[in-house]
Structures are given as C-alpha cells and as structure tokens.
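For reference, the structure discussed in these notes is given below.
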Amino acid sequence: AIVGFSGYFTIQILSSPEFARDNNRAAVHYIEANSKPGDVIVLMMNAPQAFQYYYKGDLPWYGLHPGDNFQAGAAQLNQITQGKERLWLFLWNSEWADPAGFVLDSLAAAAPRALPDRRFQGVEVRAYSLAGRPSFSAEFRPQTKLNLNFENKVELIGFDPPQSPFSPGKEGAITLYWQALQP
C-alpha cells in the first residue's frame, strides 16, 4: 500500500504542470533568437542565476528590483534604456520585485511592444521598442484631477480616462490615482 501511494503521488508530482520547473531555458533562447545589437535585457527579479546559466549572448543585462522605491526604479530604467533600441523584460516572480507594478506600468505607458509577449512555464518575456526615447518618472500626474477626500483616510487625486471608448461586453481600463492620508 505504501509503495502504491508513493508511486501514485510521485506520478502526480512529475506530470502536474503545477510542479513543473520554470522554463528559463526556452525563455532565454527566445531572447537570443530574436534579439539584435542595441537591445538590452532587464531581469525582474534580480535573481540572475538561471538566466546566466542559459544565456550565451553578449547583450548587456541588468537586474531590476525596485520594490516600493519608485524614484530608484525610474532612475534605473532611464539609465538602462539610454541609447538602446529595444528592452527585453524577463519576468520571473515579478510581483516580488515590483509589487505595485511600477516598472510594468511605466513601460506600458511609455514604450510600445516590439514583439508579442511570450509565456513559458513560470517565466514571461516582453520586448519593448525604445525608438521614441522614452523617459521614466516616479511622479504620478493624473490627466483629470479630482481631489476627493474619503473621511480623511484616503484621497482620490484623479484618473486617466480609457485610451479607447468602452464597448458593452469588452474590457477596458481606467487608471486611478489614490493617496493614503493615514497609515
């Protein structure tokens, strides 16, 4: 019975996608196959061991782990992207490195995607065009200012309207700017 249970659970673990290893190899090979001179690679989270093991190219790469320090994150992005044509974003547990999504939001607002996003087991790769020479800032400026105070606990400073009109049954996004007034 013990051998039977052990065998059953071993098969479950080995065949379940939940327990599959992250496919860093395929993600790195995708970057190598599609990158060109003038590109730069940014690793989110700053844990380069698996990336270094597989990466054999000569593009510069940087670990970026801004946490909640948006000023440092913006400064690093500006330094990393200076003089580059495209940015490859290697996402592995990025919610730890950038829990507020500052880097992803900043890139989405300032730089168009150069190629479709690619997902691999446990890893995502995105490519952004830097042709417009984007600049990154930690200052949040809503397009529409509101200053709505909610019991002196939180304030809705403003919002950015959707980039395209909402349609029934379709998804859309409105960016809201909040400020905590109390801990």
Inset, instruction - Among the residues of the stretch 133-180, count how many are of a type in the set (A, V, I, L, M, F, W, C) and closer than 30 Å to GLU85 by Cβ. - result: 4
Inset, instruction - Please work out if ALA72 is surrounded by fewer than 16 Cβ atoms within 10 Å (Cβ to Cβ) and not basic (Lys, Arg). - result: yes
Inset, instruction - Name every residue in the stretch 75-107 that is open to solvent by 60 Å² or more (accessible area, probe 1.4 Å), over 17 Å from TRP61 (Cβ atoms) and not hydrophobic (A, V, I, L, M, F, W, C), in order of residue number. - result: GLU95, PRO99, ASP105
Legend entry - Out of PHE159, PHE120, sole residue that is of a type in the set (Phe, Trp, Tyr) and touching a Ser or Thr at 6+ places or on another chain (Cβ under 7 Å): PHE159
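The values are calculated or read from the model by the stated rules, or taken from the named source; none is laboratory data. What you see is a predicted model, and the numbers here were worked out from it, not measured in a lab. In this analysis, Cβ positions are derived from the backbone assuming ideal geometry, glycine residues included, and neighbour counts consider all displayed protein chains. Surface accessibility is based on the protein's heavy atoms, side chains included, excluding ligands, DNA and RNA. Shrake-Rupley method; radii C 1.70, N 1.55, O 1.52, S 1.80 Å.
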